[in-house]
Amino acid sequence: MSGYGASNIVDRLHPESVRVYLITSELVRAVHRGLAIKSLKQGDDPEAARRHTAHLDGLDWDVILVRDKEFRARSTPSGKIILHTGCFDLLKTDEEIASIIAHEIGHIVARHSVERNLYRRSWFPSCLRHYLLQRQELEADHIGILLLGAAGYDPRIAPATIETVKEKLGSRKACATHPSTETRLQLLSQHKVMEEALELYREVKANYSLCLTLRSMAASPEFGRFLLGE
Ligand SMILES: [Zn+2]
């Protein structure tokens, strides 16, 4: 991984690496499901819904854990999430870590790196650059909260995690490119945004309990006898 020495990268078999890999896998599986459902609900036909996520098909999704005390996460356009171990000093639960990773996946889904390359050009007005970068962050928050719901994480963890980071970092700024905590919370607490994410979350949870019910039914002797027509 460019920019990081091999000795800084946490071994893939280390429990924390395995942990973030499993969380990322759940969120990546939710990308197509969550975004397709959202698109279909907006009235798109199935083909249009598929086109929304087609650019993600060839990505080489992965997560790399870097040993570093800084609270930092970033993503590459090829589908890699880079997470610093400093995140674990502030965030303890899988849900909180998922919230950070979901935001990064949001940047990849929205192809923000393509736009960022444009903003970096010398002729690009700097005042506009700042505004557009902040808008990207809010967009990543929005996609991130939907992914959390679609992956079966309670989406209410997203604003709670932003609050926790602010509380623990104190006066140190979480990230210079990010909008203020208040602006991010304002977006995530919008009824429409949260309700959309909660709807995905409830659907996933309902399907999961249906699976558990069917599994326990299938394991019961009564069900076996019913199948045999006894
Ligand atoms: Zn971001």
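The values are calculated or read from the model by the stated rules, or taken from the named source; none is laboratory data. Here the structure is a predicted model, which is why all the values come from computation and not from measurement. Methodologically, a virtual Cβ is constructed for each residue, glycine included, from the backbone with ideal geometry; neighbour enumeration extends over all protein chains shown.
Filtered by the rule that a residue be outside any helix (DSSP H, G or I), under 19 Å from Leu27 (Cα atoms) and of a type in the set (Val, Ile, Thr), the range 84-108 gives a lone residue, Thr93. Candidates Val114, Val109: the one that is within 16 Å of the ligand (Cβ to nearest atom), touching a residue at least 40 places away in the same chain (Cβ under 8 Å) and not polar (S, T, N, Q) is Val109.
The residue pairs whose first member lies in the range 58-75 and is over 16 Å from Ala102 (Cα atoms) and part of a strand (DSSP E or B), whose second member is basic (Lys, Arg) and within 16 Å of the ligand (Cβ to nearest atom), and whose beta carbons are closer than 9 Å, counting only pairs six or more residues apart or on different chains, are Val66/Arg72. Residue-level check: of (1) crowded, with 21+ Cβ neighbours inside 10 Å; (2) more than 16 Å from the ligand (Cβ to nearest atom); (3) at pLDDT 90 or above, Val31 misses just (3). When the range 74-100 is filtered for residues that are within 17 Å of Glu163 (Cα to Cα) and within 11 Å of the ligand (Cβ to nearest atom), only Ile100 remains.
Of the numbered conditions (1) modelled with pLDDT of 95 or more; (2) closer than 23 Å to Leu187 by Cβ; (3) buried (at least 20 other Cβ atoms within 10 Å of the Cβ); (4) not basic (Lys, Arg), Val63 fails exactly one; give the number of that condition. For Val63, the failing item is (2).
Just name the residue that is nearest to Val20 (Cα to Cα) out of those in the range 51-73 that are more than 16 Å from the ligand (Cβ to nearest atom) and of a type in the set (Gly, Ala, Ser). Filtering first and then ranking leaves Gly58.
Okay, residues lined up against (1) away from the ligand (no atom under 15 Å from the Cβ); (2) under 13 Å from the mean Cα position of the chain (by Cα); (3) over 13 Å from His103 (Cα atoms):
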{"residue": "Leu133", "(1), (2), (3)": "no, no, yes"}
{"residue": "Asp141", "(1), (2), (3)": "no, yes, no"}
{"residue": "Ala150", "(1), (2), (3)": "yes, yes, yes"}
{"residue": "Ile162", "(1), (2), (3)": "no, no, no"}
{"residue": "Val165", "(1), (2), (3)": "no, no, yes"}
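When you look at Ala36, is it at pLDDT below 90 and either within 15 Å of the ligand (Cβ to nearest atom) or among the small types (Gly, Ala, Ser) (or both), yes or no?
On the way: at pLDDT below 90: yes; either within 15 Å of the ligand (Cβ to nearest atom) or among the small types (Gly, Ala, Ser) (or both): yes.
Yes: the conditions hold for Ala36.
Does Glu95 fit the bill of being in contact with a Phe, Trp or Tyr (Cβ under 6 Å, 6 or more places away or on another chain) and surrounded by 16 or more Cβ atoms within 10 Å (Cβ to Cβ)? When the stated conditions are applied, Glu95 passes them.
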